[in-house]
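Asker: Encoded as structure tokens, here's the structure I'll be asking about.
Nothing in this text is a laboratory measurement; each read-out follows from the coordinates by a stated rule. Given the structure is predicted, the values throughout are model-derived calculations rather than measurements. Glycine gets a Cβ as well: all are built from the backbone with ideal geometry, and neighbour counts include every protein chain shown.
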Amino acid sequence: MTATEAEVLLQRPSSWAPACRVIRGHGPSDGKRTVPAGSKDGSITEVNVSPCPTQPCQLQKGTSYSVNVTFSSKIDSQGSKAKVYGEILHVDVPFPIPEPDGCKSGIQCPIEKGHSYSYLNKLPVKSEYPSIKLIVQWELIDDQGQMLFCWKIPVQITS
């Protein structure tokens, strides 16, 4: 999918949470999305959720999905921590991931201003999750509590 095929929208700007980017595709794709800058401390270049050939991403229970985010840092940071949520009826429900430490997820720490990084992680979909449509929100937080990146993608959990 090229940048012209992707429709990227700002979502939920508010005083309590910075805006995240919503990633929407049109038609079949390879799961790659090109995303413009969207946070104070970092700029996303590309988000790849695999496998995710269509949107909403069909996430099958008992399966794990690969997440790769290429981003540039606008600040120096000794470390980073990922937080993932499922947005259900406007409520953010924490979504556990195997490794929240960004320095153990493909990022060589310390993070340096002006450098590009490839963040790699897994999104496990547990068998006990309900079959439901929701928005997954993925944040990477620097050592000052600010977002290096934040993005959202529509998904549907299936049996």
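Asker: I need the shape label for the stretch 38-108. Rule: rounded when a/c is under 1.5, else prolate if a/b > b/c, else oblate, with a, b, c from the alpha carbon gyration tensor. Each step should come with its number before you reach the end.
Answerer: Numbers: a/c = 1.65, a/b = 1.55, b/c = 1.06.
Note, shape of the stretch 38-108 comes out prolate.
Asker: Give me the distance in nm between label points sitting 7 Å out from Cα along the Cα-to-Cβ direction at Leu89 and Lys74, one decimal.
Answerer: Label-label distance for Leu89 and Lys74, simple model: 3.6 nm.
Asker: Quick one: which of 63-75, 99-111 comes out on top by average Cβ neighbours within 10 Å, and what's the full order, highest first? Numbers along the way, then the final one.
Answerer: Numbers: 63-75: 19.1, 99-111: 16.8.
Peptide ranking by packing, descending: 63-75, 99-111.
Asker: Counting other C-beta atoms within 10 Å, and keeping those with at most 16, which DSSP coil GluC sites (Glu not before Pro) do you find in the stretch 63-159? List each step's numbers first, then the result.
Answerer: Working: sites: Glu87, Glu112, Glu128, Glu139; in loops: Glu112, Glu128.
Answer in residue order: Glu112, Glu128.
Asker: What shape does the stretch 95-159 take by its C-alpha gyration tensor, where a ≥ b ≥ c are the square roots of the eigenvalues and a/c under 1.5 counts as rounded, a/b above b/c as prolate, and the rest as oblate?
Answerer: Working: a/c = 2.83, a/b = 2.15, b/c = 1.32.
Prolate, because a/c is 1.5 or more and a/b exceeds b/c.
Asker: Could you pull out the pairs from Lys40/Lys126; Lys83/Lys104; Lys40/Lys133; Lys61/Lys83; Lys104/Lys152; Lys40/Lys104 whose alpha carbons sit more than 25 Å apart here? Mind dumping the intermediate values first?
Answerer: Working: Lys40/Lys126 32 Å; Lys83/Lys104 14 Å; Lys40/Lys133 29 Å; Lys61/Lys83 20 Å; Lys104/Lys152 22 Å; Lys40/Lys104 23 Å.
Long pairs (Cα-Cα over 25 Å): Lys40/Lys126; Lys40/Lys133.
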